[in-house]
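Here's the structure, in structure tokens; my notes come after.
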Amino acid sequence: MINTFWIESKYINMLSNKLDLFKNKGKDLYNFRCPICGDSERNKFKARGFIFAKEGTFLYKCHNCSVSTSFRNFLKDFDNTLYAEYLLETKANANTAEPMSFKTDITKFARKRHDKFGPLKALKKVSQLNYDHFAKEYVSKRMIPNIHHSTLYFAPKFNAWINKFYPDKIGSKAKDEPRLVIPFLDENGYVFGVQGRALLKGNSLRYITIMFQDKDKIFGLDRLKENKIFFITEGPLDSLFLHNAIAMAGADTNSKYATNPNAVFIYDNEPRNKDIIKRMEACIDKQQKLVIWPEDINEKDINDIVVSGVDPEKLASIIESRIFSGLQAKLELNNWKKI
């Protein structure tokens, strides 16, 4: 007989490093910030999402947005890659013909540039939208360079768009809404995944990443020059403000790009964020280079810095002057962090 409880326990642990403020609160009880509603915007230490055991399975409940669902559905909506592995494992253990959620062979769309990629052709590029369109206004207000407007897309209903060519990829209970579509392109400009960025305020995940191929979630490979100094940012949109940059959107920091001696990591400017500090410390321990922001920069990330009025060329100058490694990086990090 299939041991669903044991398998779900395993996948809770696998998911833990992706959940903010994740803690084991006791026997079969886990607590973290709700990724559905984002928990409190004012208090970054609020954590009102809980996974708990009941009658041989696990359930999810948020005491802020009141979402209540099975762990299986929570995993399906939060991490499609892990959910696919979960289905395979439960199917193998049950030795049954349980139907898989991923029905469409997306490889038929592979090896297509973004402007010839079937699913994206069904959407409008941001460059094609009217100036008063709210998605165009969002991109303009974020001051994203015009040169990139033709590689960003708008999906009126992101979930429905994904499920149209990739049936059941996103659960039916997940809130559907308009999103900015950010394609992941390889070195030759071919699409291997997309990220949907929420455009409306509300109870939703800010980002949803859908991979079409088994590749690292790295944005910007089509623009990367590996033989020169290049930057690795946290968010795809941040990378668009730099001349030679990629974004590690959940990719392994041991990838060939992260370990390239020309790579320079740029983390968000959040000196009280324990997770960011841990990642910066790990970066230093690996003898990698990183940017440590000066004290007179108060904005959270590159995009916010540009929106605040700092010219991109001035920003590039600041970044280049704040690249550190080794012992000097440790000293600068100790001065920067405020925990």
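The values are calculated or read from the model by the stated rules, or taken from the named source; none is laboratory data. For clarity, every value in this text was computed on a predicted model and none was experimentally measured. In this analysis, Cβ positions are derived from the backbone assuming ideal geometry, glycine residues included, and neighbour counts consider all displayed protein chains.
Results, tabulated for the structure shown:
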quantity: Residues of region 303-339 satisfying the condition of being among the acidic types (Asp, Glu) and more than 22 Å from residue 273 (Cα to Cα); calculated: 311, 313, 320
quantity: Residue check, residue 26 without any contact (Cβ under 8 Å) to a residue 40 or more places away in the chain and either on the phi > 0 side of the Ramachandran plot or of a type in the set (Phe, Trp, Tyr) (or both); calculated: yes
quantity: From 234, 177, residue being in contact (Cβ under 8 Å) with a residue 60 or more places away in the chain and either over 11 Å from residue 245 (Cα atoms) or touching a helix residue (DSSP H, G or I) at 6+ places or on another chain (Cβ under 9 Å) (or both); calculated: 234
quantity: Test result for residue 158, under 19 Å from the mean Cα position of the chain (by Cα), under 20 Å from residue 245 (Cα atoms) and not β-branched (Val, Ile, Thr); calculated: no
quantity: Residue among 227, 254 that alone is part of a loop (DSSP other than H, G, I, E, B) and touching a residue at least 12 places away in the same chain (Cβ under 8 Å); calculated: 227
quantity: Unmet criterion (only one of (1) assigned to a loop (DSSP other than H, G, I, E, B); (2) at pLDDT 90 or above; (3) of a type outside the set (Ser, Thr, Tyr)) for residue 191; calculated: (1)
quantity: Among the residues listed as 15, 21, 59, 29, the single one being surrounded by 16 or more Cβ atoms within 10 Å (Cβ to Cβ), of a type in the set (A, V, I, L, M) and at pLDDT 90 or above; calculated: 59
quantity: Single match in 237, 327, 315, 331 (criterion: crowded, with 19+ Cβ neighbours inside 10 Å and not in a loop (DSSP other than H, G, I, E, B)); calculated: 237
quantity: Unique match (being aliphatic (A, V, I, L, M), out of contact with any Phe, Trp or Tyr (no Cβ under 6 Å at 6 or more places or on another chain), modelled with pLDDT under 90 and farther than 22 Å from residue 300 by Cα) among 174, 251, 160; calculated: 174
quantity: Residue match in region 247-267 (condition: polar (S, T, N, Q) and under 20 Å from residue 44 (Cβ atoms)); calculated: no
quantity: Counted residues, region 255-287 - those being under 23 Å from residue 210 (Cα atoms), surrounded by fewer than 18 Cβ atoms within 10 Å (Cβ to Cβ) and over 17 Å from the mean Cα position of the chain (by Cα); calculated: 1
quantity: Scope region 148-177; condition touching a His at 6+ places or on another chain (Cβ under 9 Å) and part of a strand (DSSP E or B); matching residues; calculated: 153, 154
quantity: Hey, residue 246 in a helix (DSSP H, G or I), surrounded by 15 or more Cβ atoms within 10 Å (Cβ to Cβ), in contact (Cβ under 8 Å) with a residue 24 or more places away in the chain and hydrophobic (A, V, I, L, M, F, W, C) or not; calculated: no
quantity: Every residue from region 152-168 that is crowded, with 22+ Cβ neighbours inside 10 Å and under 17 Å from residue 78 (Cα atoms); calculated: 158, 162
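Condition check ((1) aromatic (Phe, Trp, Tyr); (2) within 26 Å of residue 39 (Cβ to Cβ); (3) touching a Pro at 6+ places or on another chain (Cβ under 8 Å)) across all residues:
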| site | (1), (2), (3) |
| --- | --- |
| 167 | no, no, no |
| 173 | no, yes, no |
| 177 | no, yes, no |
| 182 | no, yes, yes |
| 188 | no, no, no |
| 201 | no, yes, no |
| 205 | no, yes, yes |
